[in-house]
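One structure below.
The values are calculated or read from the model by the stated rules, or taken from the named source; none is laboratory data. Quantities reported herein were computed from a predicted structural model and do not represent experimental measurements. FYI the Cβ positions are ideal-geometry reconstructions off the backbone, even for glycines, and counts take in every protein chain you see.
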Amino acid sequence: MSDIIIGIDLGTTNSCGAYVNEEGNVKLVPTPGGGTTIPSIFAIDDKGNELLGFEAKRQWLLNPTKTVYGAKRLMGRNPSGGFVSKMKEYFPYEINSSESGKVVISIGDREMNLVEISSCILNKVRTLAADHLGQPVTQAVVTVPAYFNDRQRQAVKEAGKMVNLEVTRVVNEPTAAAMAYGLRKDVNQTVAIYDLGGGTFDVSVIEIRGKVFEVKATGGDIFLGGIDWDNALIDYVLRDFETKNGVDLSKDPIAMQRIKDLAERTKVDLSSRTEAPFSIPFISMTPEGTPLDINLVISRQLYENLTQPLVDRTIEIAEMVVQDSGLTVQDLDAVLLVGGQTRWPAVQEAVQEFFGQEPSKGVHPDEAVAAGAAIYGHSLQSEATDEKMQLLDVIPMRIGIERADGTLQEIFERNAAVPNQKSMNFTTSYDNQAELAMRIYQGDAQTALKNEMLGEFEFSGIRQGPEGAVNVQVVFDCSVDGILTLSAHDADTGNEMTTTIKVASSEQ
Ligand SMILES: Nc1ncnc2c1ncn2[C@@H]1O[C@H](COP(=O)(O)OP(=O)(O)OP(=O)(O)O)[C@@H](O)[C@H]1O
Ligand SMILES: [Mg+2]
């Protein structure tokens, strides 16, 4: 077998690998437990050994401060932002900021950044695939939430590099799911993908014409997923316990881990029954040393009430995406549900009501993303032109330059097609100006600073001349992965200028 490009779904909660075999069939990489996904969990045990996947999850109740889960949510985040401080309440492991102002996780005496943690997870999936296939694996198509920005996409590429895994393409998760759906069926349909996973939510409207996948619009929220369902129940349990016993359990990492663990299992239980016990003995003690227990019964109705705002938010986003696509729900041939949290009955009901049709059973909610990535990887390698898939994707948020007045001047609008190229002319604003600097942001806010900064670029070597006499043409190139690069040249002489990235756009 020649070198293979596998597909990897690097999920917030679970990760999954897939490949296309010699017969041309897509297969999931089997995992040690006999399933197809591994927990996206990294841990260090008491002896200092690194643990990944199931091994890490197995010990998370005992070792919460050295067990890292949900790390994808922290990728590309600003450590001093409100979001990170909120996450600190829920994650028992220690979240800090590095000297360069990036989020780092302290595990025992080690400090790890999020790229390193992601690289360990990618490596685990790659190793499982290589062992299963009996050949080395050096290339992968890796999926990311459609709503990931440039920085977060770069971080995934870097994570691959750290473990000698070339990330051939970064593909949007809903787009990959559509590829799994469209596989060899010669589908000519316009579909909506509603992807609600552990940490992120995405909706895309995609037109499938045989092997052409054209994304019409996409949108989402990278902080909306199953973890928020868990947190809603955790909050309820904590409040109830404090009211009854006057004890705040949120400061006790072991207690929090036990509550989190049971909250998730209760949620899964309640997706197929209407009531479930929530009992944890000896969760804490009174000052006098009397043991305290949690003894509750949670009904699905109560849980639905606690999480209705989350469901509503997904539908608001879906509404906006359908509108952005220029279509109406009546134009959609199918609605695909992807992601584990779409098993929650209230989610399915809301989707059915909004789209006016029953969701399709055409894709596997846990496997479609990895399968689609593998199919795309295979297509990139295949020599036969009739096997090549054509992907026309979009960027999820606009990209622009900061103006002197602090507002954002748009370069690429939201839902602009990728790959894409734009160029802009700038004239020198004083005599003998030698350098031109610009800050690039991504986001939909009108004020540049309210968006995510992708980088600060400086072009040097501008020809000497009086104010306004020299034209610099800057080319903004957005790759098919949704990653931006800049270059500049003298518009009159064509001379290339040196580009320096003063603030790296990728996360370290
Ligand atoms: N039966 C169920 N009912 C409700 N939620 C469920 C059920 N089964 C799984 N989940 C939830 O689905 C989530 C995991 O989904 P999935 O594996 O699709 O996420 P992921 O791919 O890791 O995350 P993301 O795509 O957001 O990065 C978890 O929050 C899990 O609790
Ligand atoms: Mg997912």
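From the list GLN409, GLN330, GLN357, GLN348, pick out the single residue that is in a helix (DSSP H, G or I), away from ligand 1 (no atom under 16 Å from the Cβ) and farther than 20 Å from PRO145 by Cβ.
Unique residue meeting the criteria: GLN330.
Yes or no, residue by residue, for (1) more than 16 Å from ligand 1 (Cβ to nearest atom); (2) more than 19 Å from GLU55 (Cα to Cα); (3) surrounded by fewer than 22 Cβ atoms within 10 Å (Cβ to Cβ):
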residue: ASP3; (1), (2), (3): yes, yes, yes
residue: ILE8; (1), (2), (3): no, yes, no
residue: GLY11; (1), (2), (3): no, no, no
residue: CYS16; (1), (2), (3): no, no, no
residue: TYR19; (1), (2), (3): yes, yes, no
residue: GLU23; (1), (2), (3): yes, yes, yes
residue: PRO30; (1), (2), (3): yes, no, yes
residue: THR36; (1), (2), (3): no, no, yes
residue: SER40; (1), (2), (3): no, no, no
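Only one of LYS72, LYS102 is in contact with a strand residue (DSSP E or B) (Cβ under 8 Å, 6 or more places away or on another chain) and within 14 Å of ligand 1 (Cβ to nearest atom); which? First the steps, then the outcome.
Details: LYS102 fails: within 14 Å of ligand 1 (Cβ to nearest atom).
Sole residue among the options that is in contact with a strand residue (DSSP E or B) (Cβ under 8 Å, 6 or more places away or on another chain) and within 14 Å of ligand 1 (Cβ to nearest atom): LYS72.
Going by what's in this entry, would ASP261 be described as charged (D, E, K, R) and within 16 Å of LYS88 (Cα to Cα)?
When the stated conditions are applied, ASP261 does not pass them.
If a residue counts only when it is without any contact (Cβ under 8 Å) to a residue 40 or more places away in the chain, within 15 Å of ligand 1 (Cβ to nearest atom) and over 22 Å from ASP366 (Cβ atoms), which strands (runs of 3 or more DSSP E) contained entirely in region 170-282 have at least 2 such residues? Before the answer, list the steps.
On the way: elements: 188-196, 201-209, 212-221.
Correct list: empty, since no element meets the threshold.
Yes/no per residue for (1) within 16 Å of ligand 2 (Cβ to nearest atom); (2) aromatic (Phe, Trp, Tyr); (3) within 26 Å of the chain's Cα centre (by Cα); (4) at pLDDT 95 or above:
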| position | (1), (2), (3), (4) |
| --- | --- |
| ASP230 | yes, no, yes, yes |
| GLU264 | yes, no, yes, yes |
| THR274 | no, no, no, yes |
| PRO277 | no, no, no, yes |
| ILE280 | no, no, no, yes |
| MET285 | no, no, no, no |
| THR307 | no, no, yes, yes |
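Among (1) out of contact with any helix residue (DSSP H, G or I) (no Cβ under 9 Å at 6 or more places or on another chain); (2) outside any helix (DSSP H, G or I); (3) closer than 20 Å to MET256 by Cα, which single condition is LEU62 missing?
It fails just one condition, (1).
Tally up the residues in region 118-156 that are modelled with pLDDT under 95, more than 15 Å from ligand 2 (Cβ to nearest atom) and either part of a helix (DSSP H, G or I) or of a type in the set (Phe, Trp, Tyr) (or both), please.
5
Collect the residues in region 141-156 that are closer than 12 Å to VAL171 by Cβ and more than 16 Å from ligand 1 (Cβ to nearest atom), keeping them in residue-number order.
Within region 141-156, none qualify.
Go through (1) small (Gly, Ala, Ser); (2) outside any helix (DSSP H, G or I); (3) at pLDDT below 90 and name the single condition SER85 misses.
Going through the list (1) small (Gly, Ala, Ser); (2) outside any helix (DSSP H, G or I); (3) at pLDDT below 90, SER85 breaks only (2).
Please specify each residue of region 34-90 satisfying the condition of being hydroxyl-bearing (Ser, Thr, Tyr) and under 16 Å from the mean Cα position of the chain (by Cα).
SER40, TYR69
Would you point out the residue of region 94-113, among those that are crowded, with 17+ Cβ neighbours inside 10 Å and touching a Lys or Arg at 6+ places or on another chain (Cβ under 8 Å), that is farthest from GLY48 (Cα to Cα)? Steps first, answer last, please.
Residues of region 94-113 that are crowded, with 17+ Cβ neighbours inside 10 Å, as a first pass: 95, 102-105, 107, 112-113.
Those still in the list that are touching a Lys or Arg at 6+ places or on another chain (Cβ under 8 Å) too: 95, 103, 107, 113.
On the way: ILE95: 19, VAL103: 22, ILE107: 10, ASN113: 17 Å.
For region 94-113, the residue satisfying everything is VAL103.
How do the pairs read when you match residues in region 142-165 that are in the same structural domain as LYS72 (by TED's automatic domain parsing) with residues anywhere that are within 12 Å of ligand 1 (Cβ to nearest atom) and among the acidic types (Asp, Glu), using Cβ under 6 Å and keeping only pairs 6 or more apart or on different chains?
Pairs that qualify, where the first residue is in the same structural domain as LYS72 (by TED's automatic domain parsing) and the partner is within 12 Å of ligand 1 (Cβ to nearest atom) and among the acidic types (Asp, Glu), are THR143/ASP9; THR143/GLU173; PRO145/GLU173; PRO145/ASP202; ALA146/ASP202; TYR147/ASP202.
Kindly list the number of the only condition in (1) in the same structural domain as ALA146 (by TED's automatic domain parsing); (2) surrounded by 14 or more Cβ atoms within 10 Å (Cβ to Cβ); (3) over 27 Å from the mean Cα position of the chain (by Cα) that fails for PHE426.
The one condition PHE426 does not meet is (1).
How many residues are at negative phi and away from ligand 2 (no atom under 16 Å from the Cβ) when one looks only at region 30-48? Steps first, please.
Narrowing region 30-48 to residues at negative phi: 30-33, 35-47.
Adding the requirement that they be away from ligand 2 (no atom under 16 Å from the Cβ) leaves 30, 32-33, 42-47.
The qualifying residues number 9.
Looking at GLU111, GLU99, can you tell me which residue is outside any helix (DSSP H, G or I), over 18 Å from the mean Cα position of the chain (by Cα) and without any contact (Cβ under 8 Å) to a residue 12 or more places away in the chain?
GLU99
Which one is nearest to ligand 2 (Cβ to nearest atom), of the residues in region 182-206 that are farther than 22 Å from GLU316 by Cβ and surrounded by fewer than 24 Cβ atoms within 10 Å (Cβ to Cβ)?
LEU183
Return a yes/no flag: does region 386-393 have any residue that is in contact (Cβ under 8 Å) with a residue 12 or more places away in the chain and within 16 Å of ligand 1 (Cβ to nearest atom).
no
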